[in-house]
Structures are given as structure tokens and as C-alpha cells.
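A quick write-up on the structure given underneath.
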Amino acid sequence: MRHLDEYRDPAAVRVVLRQIEATAQHPWTIMEVCGGQTHSILKFGLDELLPANIRLIHGPGCPVCVTPLEQIDRALAIASRPGVILCSFGDMLRVPGSSGDLLTAKARGADVRIVYSPLDALKIASREPDRQVVFFAVGFETTAPANAMAVQCAARQGVGNFSLLMAHVLVPPALEALLSDPECVIQGLLAPGHVCVVTGYRAYEPLAAHYHVPIVVTGFEPLDLLRGVLAAVRQLERGEARVENQYERVARADGNPAARAVLAEVFAVSDRKWRGIGEIPASGYALAPAYAAFDAERIFGLEELAVEEPRECLSGLVLQGRIRPTECPQFGTRCTPEHPLGATMVSSEGACAAYFHYGRTAQAAGGR
Amino acid sequence: MCLAIPGKVVAIEGSDELRMARVDFGGVTREACLAYVPEAKIGDYVLVHVGFAIATVDEQAAQEALSLLAEVGEIEDLGKEGVDLRKEDADLRKEET
């Protein structure tokens with residue numbers, strides 16, 4: 001496929017690897033932020049191809065993984081109400097809440113449906129006016145414009161039986177939380193390319209300057225990821241710390257203006273709790289007051305729910321890059337994709353799932 | 001969840017209110033909303049995420065990045081006596097098929 005295969009060319013990959021080897025004179029720790037990037041790195045074995053002095057650690061960029069337990073419990077509570085159709089991306093269905101997951105709820109008779117796009121959920125609402133159709137709106141800035149557009153269309157078309165259960169999170173505040181930690185080991189960052197396609201990358205400039213870390217806007221294919229690493233290493237070796245774009249074909253400084261305009265109209269920035277990390281100020285989206293009628297928490301009276309996280313799951317430490325999945329005592333034993341303790345083991349973007357699927361056991365990882 | 005795939009716009013339909021397209025992903029065609037890429041036209045490559053095109057691929061930027069890399073590769077390969085990595089890879093692929 002065009003604009004995809006070129007970035008998997010082994011010869012080009014080798015060229016960039018050689019450039020990284022030649023450039024990296026010191027040991028550096030670089031975090032890739034997005035879970036999709038983590039999966040590509042492990043799938044293509046890039047972590048094992050890089051020189052030994054370049055250590056990649058994995059970031060919090062898996063929206064499914066950081067969705068707090070109470071939001072999953074809210075989804076379960078909504079799905080169990082009569083007359084409700086709960087629509088979700090497939091990734092959320094097996095994430096454990098405090099009492100089961102959405103797939104189990106479906107097996108017990110709840111009407112839970114997997115959709116490809118929020119517009120599909122809106123179509124279901126139009127077709128079934130006697131049912132309440134709730135879309136579980138999980139995602140980072142990449143997904144937010146799609147969900148915002150579904151709400152805007154519902155308002156325009158007068159579809160009153162459609163609402164969102166909001167679990168939208170934002171990348172820059174989470175990075176600020178990680179970088180401001182006194183124990184932070186991150187020296188360079190690969191910023192999530194598709195988030196930047198929507199928002200642009202100006203919001204990362206104050207972070208790069210204040211915490212003195214190079215931040216490189218990076219794509220998802222092997223060549224993209226290695227070009228991101230190379231750019232970060234170059235800056236680190238020169239003592240620079242600025243935002244640089246290595247995903248030029250789709251990411252622009254100001255992002256996507258049409259998408260940003262709809263986001264500004266439909267959503268409002270709000271505080272959000274991140275699973276395993278805790279509350280981060282101004283780190284998510286809620287519905288803007290003008291669109292409050294589409295807020296499922298309000299419709300179903302579930303605002304006050306609060307739940308404790310289970311202690312045995314260390315996904316919070318994994319999501320902050322503090323431990324590797326293989327350093328968790330439950331990894332691959334009590335916690336597997338079939339019986340996950342936390343979302344990082346079940347999501348297609350979770351770091352634990354990536355380590356499990358691509359055979360990185362504690363022994364094989366060898367501390368890298 | 002932030003997975004987005006580039007595909008080619010093969011048809012544009014829908015109203016001005018919500019412009020929709022048929023997008024070809026290497027032989028598989030799906031519907032995608034073009035509301036966020038008003039500039040996109042038939043033949044363009046767009047980056048699609050959960051049924052929405054979120055960017056038009058900048059062909060020139062893509063070409064520039066790749067040709068820069070090819071140049072570096074050629075310079076490096078010239079320095080390696082008797083070893084042509086690109087030829088090596090081409091030979092390997094032939095063997096695989």
C-alpha cells in the first residue's frame with residue numbers, strides 16, 4: 001500500500017540504524033508516547049535493532065489503558081439499563097471493570113455493540129428512536145474530532161436519543177505530569193504523530209523548553225520511528241531541546257484547523273482521572289455547556305461514582321515508563337490477555353499486551 | 001486507538017453538510033467522512049481514523065523525506081566496498097518469492 005510500504009523498506013531502515021549508531025555517543029533514554037508506536041516497535045523488533053546505548057521506554061498513550069475504572073463501571077451500569085444500546089470501539093469490551101467487563105455484560109443480555117465509527121452509533125440512534133444509544137467516547141485528540149462531529153450531527157439532525165459517555169484525554173498535560181516528576185528519567189520524547197495531525201505541535205514547545213527535552217513528532221511505521229529516534233539522538237548529542245517534525249507528510253504545526261474548530265465548539269477542557277496515574281488537571285474533554293444534553297453521565301445520573309483501583313495491577317507504573325511490563329510479578333502468570341488484571345494487558349495498544357504478543361519475556365528482554 | 005491508515009479517495013458523495021468519500025485501502029474500499037479535509041479531491045491520499053479523514057497526505061513532503069534518505073543511503077553504500085545493501089535486499093526478496 002502506498003504511503004505505508006515505503007516506510008517498511010529494510011534497506012532504508014538499515015541506513016537510519018547506521019546513522020543512529022554513528023550519532024549516539026552517549027546512553028540516552030527516549031520515551032515513545034503513543035501505544036500504537038509501542039506496538040510497532042515491538043512488532044518489528046526495533047527495540048532489539050537499536051544500539052545498546054539507546055533505551056526506549058513506553059509512555060501513557062493508550063486511551064483504553066488510562067480510562068479509569070469508574071468510567072468502565074459507568075459503562076457497565078448504563079449497558080445494564082433497559083432500553084439502552086451501548087456502542088463502543090472493540091478495544092473497550094474486554095477491559096476489566098470492578099465487576100466484569102462489557103463483553104460479559106453482553107453475554108448476559110445487555111445490548112452492547114461494536115462500531116467502527118461514532119457515526120455508526122449515530123445511525124443506530126436514528127434507526128431506533130425508542131432506545132437510548134450511548135457511545136463510549138474513549139480516545140486522545142486523534143479520535144476527539146470524530147466524536148465531536150457525531151454530537152454536532154446529532155444536534156443538527158435533532159437526534160435526541162444519542163449521547164456520549166466521555167473518557168477523552170489529552171497528551172500534553174500527561175507529558176507535563178511525567179516530566180515534572182523529580183524521578184523522571186525521560187531524556188527525549190517521540191510525540192504521537194496522529195495526535196499532532198489534529199492539534200498541531202505548538203503546545204509541545206513550552207514543554208521542550210521548560211524541561212529541556214527534545215520532542216520529535218513521529219509516525220508509526222519502522223522508518224518513521226527510527227527517523228524520530230535519530231532526530232531525538234541528534235538533538236541530545238548537541239545539547240538541543242526543541243520540537244521537531246519527522247512526520248512531515250501529514251503533521252503540520254497548526255494541525256487540522258477544521259477539526260480544531262469543531263473540538264472548540266463541542267468540547268470543553270476538563271480535569272480527568274487517569275487509570276493508575278490519578279487526577280491530572282485540564283487533561284481531558286467534557287461536553288461544552290451548549291451540548292450538555294448529550295452527556296450520558298448526566299442523563300443516567302452517574303456523576304458521583306468513585307471506585308478504588310486494584311492494588312495487584314502495576315499498570316500505573318507501566319504507563320509512566322517506570323517499569324517494563326516484564327518487571328511486574330503478575331506478567332504472563334496471573335495476568336494474561338485471556339485473564340487480564342488491567343487494561344494494558346488487553347488493549348491492542350497496551351504495553352503489556354505488546355510484550356506478551358511479541359514474546360518479550362523477562363528472560364528474553366534481558367533488562368533492555 | 002490512534003491507528004490511522006492512508007488510503008486513496010476514489011469517489012466523493014454526500015451533501016455539502018457532511019461530505020463522504022469511498023476510500024481505497026490497497027483493494028479494500030470503505031466509507032470515510034471528509035468534513036475535516038475540505039481540500040481533498042478524487043485521487044488524493046487521505047489519512048483515515050475511525051471513519052474520518054484527518055489529513056490529506058502531502059505528496060511533496062513524503063517524496064522529499066524519502067529521497068533525502070535514499071541519497072544518504074547511496075553515499076553510505078558507496079563507502080562500503082563490495083557491499084550494495086539495496087541489491088542485497090532485492091536479491092533476498094527474489095529468493096523469498
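Values in this text are rule-based calculations from the coordinates and carry no lab data. These numbers come from a predicted model, not from an experiment. No Cβ is skipped: glycine too gets one built from the backbone with ideal geometry, and neighbour counts run over all protein chains shown.
At a glance:
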quantity	calculated
Rounded to 5, percent antiparallel among DSSP beta bridges of chain A	25 percent
Computed magnitude of the charge dipole of chain A (debye, nearest 20; Cβ of K, R +1, Cβ of D, E -1)	560 debye
Under 15 Å, Cβ to Cβ, from residue A:180 - net charge with Lys/Arg +1 and Asp/Glu -1	-3
Relative contact order (%) - criterion: Cα under 8 Å, at least six apart; region: segment B:5-57	35 percent
If the convex hull is drawn through the Cα atoms of chain A, its volume per residue in Å³	137 Å³
5 angstrom amide H check on residue A:186, placed H, neighbours 5+ away	none
Shape category assigned to segment A:229-286 from the gyration tensor of Cα positions, a/c cut at 1.5	oblate
Share of Cα-Cα pairs in segment A:81-125 lying beyond 18 Å, as whole percent	27 percent
Rounded FRET efficiency, nearest 0.05, which uses the C-beta distance separating residue B:63 from residue B:18 and R0 of 56 Å	0.95
Pairwise Cα inverse-distance average, inverted: Kirkwood Rh of segment A:114-224 (Å)	16.2 Å
Extension gain from residue A:212 to residue A:339, taking 0.36 nm per residue of separation minus the Cα-Cα distance	41.6 nm
Descending Cα extents along the principal axes, segment A:231-332, whole Å	53, 45, 23
Environment charge of residue A:143, counting only residues whose C-beta is closer than 13 Å and scoring Lys/Arg +1, Asp/Glu -1	-3
Helix A:222-238 vs. chain A, principal-axis angle (Cα, 0 to 90°, nearest 10)	60 degrees
Centroid-to-centroid separation of segment A:243-319 and segment B:8-73 [C-alpha atoms, Å]	26 Å
Cysteines not pairable in chain A (beta carbon separation under 4.7 Å absent)	A:34, A:87, A:153, A:184, A:196, A:313, A:328, A:335, A:352
With 5 Å bins from 0: P(r) over segment B:5-57, alpha-carbon pairs, percent	5, 27, 40, 22, 6, 1
Dipole of chain A, positive end: most advanced residue of A:239, A:53, A:178 [Cβ charges, Cα centre]	A:53
Between 0 and 90°, nearest 10: helix A:10-23 axis offset from chain A longest Cα axis	60 degrees
Of A:220, A:319, A:290, farthest towards positive along the dipole that unit charges on Lys, Arg, Asp, Glu beta carbons give the protein assembly as shown	A:290
Chain lengthening between residue A:49 and residue A:253 when straightened (0.36 nm per residue, less Cα-Cα)	70.4 nm
Gain on full stretching of the segment that runs from residue A:113 to residue A:271 - 0.36 nm per residue minus C-alpha separation	54.0 nm
